[in-house]
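Colleague: Here you go, one structure.
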Amino acid sequence: QQQVRQSPQSLTVWEGETAILNCSYENSAFDYFPWYQQFPGEGPALLIAIRSVSDKKEDGRFTIFFNKREKKLSLHITDSQPGDSATYFCAANPGANTGKLTFGHGTILRVHP
Amino acid sequence: DMKVTQMPRYLIKRMGENVLLECGQDMSHETMYWYRQDPGLGLQLIYISYDVDSNSEGDIPKGYRVSRKKREHFSLILDSAKTNQTSVYFCASSSSYEQYFGPGTRLTVL
């Protein structure tokens, strides 16, 4: 039973385009949604996160759009750069201070110059 | 500079051998984690530790055990390793919601 789903599995865009990575979840108790970025040979690193009380979070070229009613969120990367090529993980936390995160399976993003 | 370290980075073992993976953090975080990552499966939580000697099973604890005797160190132990435990193992620590990950250990069990 996969509680956090990501699509697509892989995505290729040209430099300068907007990449859209999708995430959906099943557990209504999920309250905090971080996105992690992982480069080959490295551990994941927090990129941007949103709480369920917000519908949008922006940080430079990275924006999360959140729809609580539909249990969906998306990560938009505007003006994509080759250096953005990485695997992106959507995760969710129930906000119960357990510290546990449930991760999706990831989206591999390739940005062609 | 906040850092999570993992040793060793690469390890090859034979089936049935014991494996010890070490993790350290310099942020005095109470909570630490062990995950494994397999292609196409994301990160799966093996164990979580809320502080010294306060450990809890994650989603896939079978075949693994952990030890945390100091807040800054968290060990993952595989007693009699199996070939299906070949994976990349990540350690992480957190003080609140954000988790900081180490660089990973690539374990191959032959």
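Colleague: Is there a residue being out of contact with any Ser or Thr (no Cβ under 8 Å at 6 or more places or on another chain), in a strand (DSSP E or B) and open to solvent by less than 30 Å² (accessible area, probe 1.4 Å) anywhere in region A:65-83?
Modeller: The answer is yes, given that some residue of region A:65-83 is out of contact with any Ser or Thr (no Cβ under 8 Å at 6 or more places or on another chain), in a strand (DSSP E or B) and open to solvent by less than 30 Å² (accessible area, probe 1.4 Å).
Colleague: Among the residues in region A:19-31, are any within 12 Å of chain B (Cβ to nearest Cβ), surrounded by fewer than 18 Cβ atoms within 10 Å (Cβ to Cβ), at negative phi and of a type outside the set (Ser, Thr, Tyr)?
Modeller: yes
Colleague: With the condition being within 14 Å of chain A (Cβ to nearest Cβ), farther than 17 Å from residue A:101 by Cα and without any contact (Cβ under 8 Å) to a residue 40 or more places away in the chain, I'd like the strands (runs of 3 or more DSSP E) fully within region B:1-60 carrying at least 1 qualifying residues.
Modeller: B:42-51, B:54-57
Colleague: Which of the residues belonging to region B:28-50 are surrounded by fewer than 19 Cβ atoms within 10 Å (Cβ to Cβ) and on the phi < 0 side of the Ramachandran plot?
Modeller: Passing the criteria: B:30, B:38, B:39, B:41, B:44, B:50.
Colleague: For a quick check of your reading of the model, give me the residue pairs whose first member lies in region B:91-110 and is over 13 Å from residue B:33 (Cα atoms) and at the interface with chain A (Cβ under 8 Å from one of its Cβ atoms), whose second is of a type in the set (Asp, Glu) and open to solvent by 60 Å² or more (accessible area, probe 1.4 Å), with beta-carbon atoms closer than 9 Å and at least 6 apart or on different chains.
Modeller: Matching pairs, first to second residue: B:103/A:42.
Colleague: Can you confirm whether region A:25-34 contains a residue that is among the aromatic types (Phe, Trp, Tyr) and not in a strand (DSSP E or B)?
Modeller: Yes, region A:25-34 has at least one match.
Colleague: Shifting gears a bit: Taking only region A:8-18 into account, find how many residues are surrounded by 12 or more Cβ atoms within 10 Å (Cβ to Cβ) and part of a loop (DSSP other than H, G, I, E, B).
Modeller: 4
Colleague: Tell me which of these residue B:67 doesn't satisfy, since it passes every other one: (1) touching a residue at least 60 places away in the same chain (Cβ under 8 Å); (2) of a type in the set (Ser, Thr, Tyr); (3) open to solvent by 20 Å² or more (accessible area, probe 1.4 Å).
Modeller: (1)
Colleague: Answer yes or no as to whether residue B:88 is open to solvent by less than 30 Å² (accessible area, probe 1.4 Å), more than 22 Å from residue A:88 (Cα to Cα) and at pLDDT 95 or above.
Modeller: Judged against the criteria, residue B:88 is not a match.
The values are calculated or read from the model by the stated rules, or taken from the named source; none is laboratory data. Quick caveat: nothing in here was measured; it's all calculated off a predicted structure. Ideal geometry is used to build each Cβ from the backbone, glycine not excepted, and the neighbour counts take in all protein chains shown. Heads up: the accessible areas ignore ligands, DNA and RNA and are worked out on the full protein's heavy atoms, side chains in. Shrake-Rupley method; radii C 1.70, N 1.55, O 1.52, S 1.80 Å.
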